[in-house]
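Report on one structure; see the data block that follows.
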Amino acid sequence: MPEKSEFVRQMEVVENNLQEYRLVCEERDRRLEECEGPHDFQCDRSLIPLHLQKYICSKCGGWVGHTEKVWYERGLEHKDKLIAKIKRFLVTSTWCAVGGVVDEVIDSVLGIIDEG
Ligand SMILES: [Zn+2]
């Protein structure tokens, strides 16, 4: 059997590294997907250089980069603003205020939003 060239050996190393990286990413995605949420991302400062730092969720152990963390948190802020807007609308709606069912309606609306 002929000896593998250096190039072929290097390509096998790269392929193995990519395979390992893919498995790690699948595990990360699974953790993030199954998290009860909302994620609580904390900076992992053990990684140097700083641009490689990741943020690990204290609940599920999943992790993201800085950009993903920032957009995730911005999404939560927008959700909170939307809920506050819906609450203001419902509180000022006669049928809701009279019935005193604001919280029930909010829960229903959020349930519908979660179902997509
Ligand atoms: Zn999480």
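The values are calculated or read from the model by the stated rules, or taken from the named source; none is laboratory data. Quantities reported herein were computed from a predicted structural model and do not represent experimental measurements. We place every Cβ from the backbone using ideal geometry, glycine too, and count neighbours over all the protein chains shown.
Computed values, structure above
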{"quantity": "Candidate set from region 1-36 (those that are touching a residue at least 12 places away in the same chain (Cβ under 8 Å) and not in a helix (DSSP H, G or I)); member that is farthest from the chain's Cα centre (by Cα)", "calculated": "36"}
{"quantity": "Cβ-Cβ under 6 Å pairs, at least 6 apart or on other chains, region 54-75 side in contact (Cβ under 8 Å) with a residue 12 or more places away in the chain and outside any helix (DSSP H, G or I), far side more than 10 Å from the ligand (Cβ to nearest atom) and polar (S, T, N, Q)", "calculated": "56/42; 58/42"}
{"quantity": "Failed criterion for residue 39 (all others in (1) modelled with pLDDT of 95 or more; (2) in a helix (DSSP H, G or I) hold)", "calculated": "(2)"}
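Conditions (1) basic (Lys, Arg); (2) at pLDDT 95 or above; (3) within 16 Å of the ligand (Cβ to nearest atom), marked per residue:
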site: 19; (1), (2), (3): no, no, no
site: 34; (1), (2), (3): no, yes, yes
site: 50; (1), (2), (3): no, no, no
site: 74; (1), (2), (3): yes, yes, no
site: 88; (1), (2), (3): yes, no, no
